[in-house]
């Protein structure tokens, strides 16, 4: 069947609004309120006014949504089980309130959490962190400076070591400030124990030369120079030394050690091939006696090993019959490899005939 019914259908009566449900008509009714002889339909804007006839707890049930509530100029209490959120929308009658004004009634207000304060009318205690302006002479324990953790106490320097400038008008320090500078100008006649010269540790005491031996130039006007030497004679400045051209006056004194090495040999019935020195050396002097009635020859060989008669002869001294020969040189005769000798009767460099026993008495002085 169709919705709605016509009252007094035969005489064309009014239509009554109904909802046909299974052949049964249910009348549709609109709510209205107002004074006598007036009616205001209830809709989403004009709501049905209600007033509580009792006090206590009101429970609103439903599928959710927004429920308009007024406290009729009184107070409203909303209770809910512990742990159940309750959502309350505040309105001033025209629109929802987004900023809630708070007053402490001339008392104090404690707020926990993050709070944005636009204006303060009294004392506010806030338990949050942030940027604060401290009052004058307020003490602060600083953990970082310029974003870097500051070093404290004694230790090696690092990125957190504070940069400090000492006042130039500081009159004195109670304790001495110990400083180890790279370079410092010392007071006059200040004594210094130098561990290095030109970055090299100097050599001390007696010994061989090395990179730490200081280079010394002796004054050209020095009138006396005493030397303990193993030889006497004239001292010559080495080639290339142009610092001083004045001849030095030297006073040589004998010593109990050092000096030249000595070699002594009484010839046997052979060439007496002998290595006097197995490394480079200098021959400074000799004394050689020939007891034979014929000339005899002492040949010198530049070798570090045992020489061979008649081979590689560098010098040769011929001693007349029944005679002796002696000589001494300040400069010396150089042997780059070593000093070797042989004794022969032949007077040529290639001679290799052995002498007789006791023909020659040989004394050599070398270094």
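The values are calculated or read from the model by the stated rules, or taken from the named source; none is laboratory data. Only a predicted model underlies this, so the values are computations on that prediction, with no experimental measurement involved. Here the Cβ positions follow ideal geometry from the backbone for every residue, glycine too, while neighbour counts run over all protein chains shown.
Observations, loosely collected:
- Against the list (1) at pLDDT 80 or above; (2) not assigned by TED's automatic domain parsing to the domain that holds residue 333; (3) not in a loop (DSSP other than H, G, I, E, B), the condition residue 256 fails is (3).
- Failed item in (1) at pLDDT below 75; (2) surrounded by 10 or more Cβ atoms within 10 Å (Cβ to Cβ); (3) under 30 Å from residue 45 (Cα atoms), with residue 122 passing the rest: (3)
- Enumeration of residues in segment 1-30 that are surrounded by fewer than 12 Cβ atoms within 10 Å (Cβ to Cβ) and part of a loop (DSSP other than H, G, I, E, B): 1, 2, 7, 8, 12, 13, 14, 22, 23, 28, 29, 30
- Just one of the listed residues (337, 352, 312) is over 20 Å from residue 270 (Cα atoms) and in the same structural domain as residue 279 (by TED's automatic domain parsing), and it is 337.
- Within segment 323-339, the residues that satisfy the criterion of being more than 15 Å from residue 365 (Cβ to Cβ) and within 59 Å of the chain's Cα centre (by Cα) are 336, 337, 338.
- In the set 179, 208, only one residue is outside any strand (DSSP E or B), surrounded by fewer than 10 Cβ atoms within 10 Å (Cβ to Cβ) and modelled with pLDDT of 75 or more; that residue is 208.
- Condition check for residue 189: part of a loop (DSSP other than H, G, I, E, B) and on the phi > 0 side of the Ramachandran plot: yes
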